Amino acid sequence: MTERTSPIARPAAKQGRKFGLRTWATPVTIGSSLLMAVSGVLMFFDVVPGYLVFAHEWFSWIFLAGIGGHIAANLKPLAKHLQSNWGRGSVVVFGLLLVASTYSFGLITAPQLKWPISQALIAAPLSALADVTQTAPSTLVEGLAAHGIAASPGDSIEKLAAAHDMDEFHILGLIFLRK
């Protein structure tokens with residue numbers, strides 16, 4: 001009677017293999033793909049709790065490292081795939097989509113507005129922010145004082161952040177999110 005082995009069982013020689021590209025590249029690519037996909041879908045639907053955007057943006061570097069390792073580990077199959085019409089076609093299509101995505105075609109998009117609006121709010125005096133938030137300037141100043149930030153209606157978030165060694169967006173969040 002012959003001994004049967006499970007089709008899933010690995011040969012003994014492969015169990016003790018070295019830590020190489022294939023050992024880490026595929027799991028990193030799969031894990032980071034899941035993170036990018038889920039966080040990207042949530043961002044698409046404007047569900048952005050906590051550090052979701054931060055995780056999506058910064059973990060994309062881990063995704064790129066995984067992709068780089070995965071490509072290096074599978075260079076021959078990739079080269080063979082790129083010899084096919086489907087392989088070349090997919091590179092051309094996604095390359096064109098990437099180039100097209102860098103143009104706004106005359107439209108103003110929300111991401112384009114993010115930094116100019118943020119900078120204007122950070123440079124504006126608290127009295128102007130009180131108007132924007134429909135809050136009395138004294139209420140806004142008292143709210144900041146409750147968080148240990150001494151301010152006056154003429155101060156800007158930029159000035160307060162520098163004076164209190166704080167992140168400008170943290171103070172902006174205290175004003176707009178009122179937490």
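Details
- Each label point was placed 7 Å from the Cα along the Cα-to-Cβ direction; for Ala150 and Tyr103 their separation is 5.6 nm.
- Taking every C-alpha pair closer than 8 Å and separated by at least 6 residues, the mean separation divided by the residue count of the chain gives a relative contact order of 15 percent.
- Max mean-square fluctuation residue, GNM over the chain, Cα-Cα springs under 10 Å, options Thr26, Thr102, Thr133: Thr133
- Comparing Leu126, Leu78, Leu96 in a Gaussian network model of the chain (Cα springs below 10 Å), the most mobile by mean-square fluctuation is Leu126.
- Net charge of the neighbourhood of Ala151, taken over other residues with C-beta under 14 Å away and scored Lys/Arg +1, Asp/Glu -1, is -3.
- This model, with +1 at the C-beta of Lys and Arg and -1 at the C-beta of Asp and Glu, gives region 110-176 a dipole about its Cα centre of some 140 debye.
- Among complete DSSP H helices in the chain, those whose alpha-carbon atoms stretch at least 18 Å along the helix's long axis and whose mean Kyte-Doolittle hydropathy reaches 0.5 are 21-44, 52-73, 85-101.
- The stretch between Trp86 and Arg178, if pulled fully straight at 0.36 nm per residue, gains 27.8 nm over its current Cα-Cα span.
- Computed from point charges on the beta carbon alone (+1 for Lys and Arg, -1 for Asp and Glu), the dipole magnitude for the chain about its Cα centre is near 1600 Debye.
- Rounded, prolate or oblate (a/c below 1.5 giving rounded, otherwise prolate when a/b exceeds b/c) for region 12-101 by Cα gyration tensor: oblate
- With q set to 0.13, 0.18 Å⁻¹, the log10 of I(q)/I(0) for the chain, from the Debye formula over equal scatterers at the Cα positions, is -0.91, -1.23.
- Once the mean of 1/r is taken over each pair of separate Cα atoms and inverted, region 110-176 shows a Kirkwood hydrodynamic radius of 11.8 Å.
- Estimated [θ] at 222 nm from DSSP helical runs (n ≥ 4, -39500 (n - 2.57)) normalised by residues in the chain, nearest 500: -21500 deg cm²/dmol
- Label-to-label distance, nm, for residues given as Thr133 and Lys18 (7 Å Cα→Cβ offset): 5.9 nm
- Diagonalising the gyration tensor over the Cα atoms of region 69-167 and scaling each eigenvalue by 5 before taking the square root yields semi-axes of 52, 19, 9 Å, largest first.
- The residue among Ala55, Leu160, Thr26 whose Cα reaches farthest toward the positive pole of the charge dipole of the chain, with charges on the beta-carbon of Lys, Arg, Asp and Glu, is Thr26.
Only the coordinates and a few stated rules stand behind these numbers; no lab work does. Since the structure is predicted, the reported quantities are computational estimates derived from the model, not experimental observations. All Cβ positions, glycine included, derive from the backbone under ideal geometry; neighbour counts span all protein chains shown.
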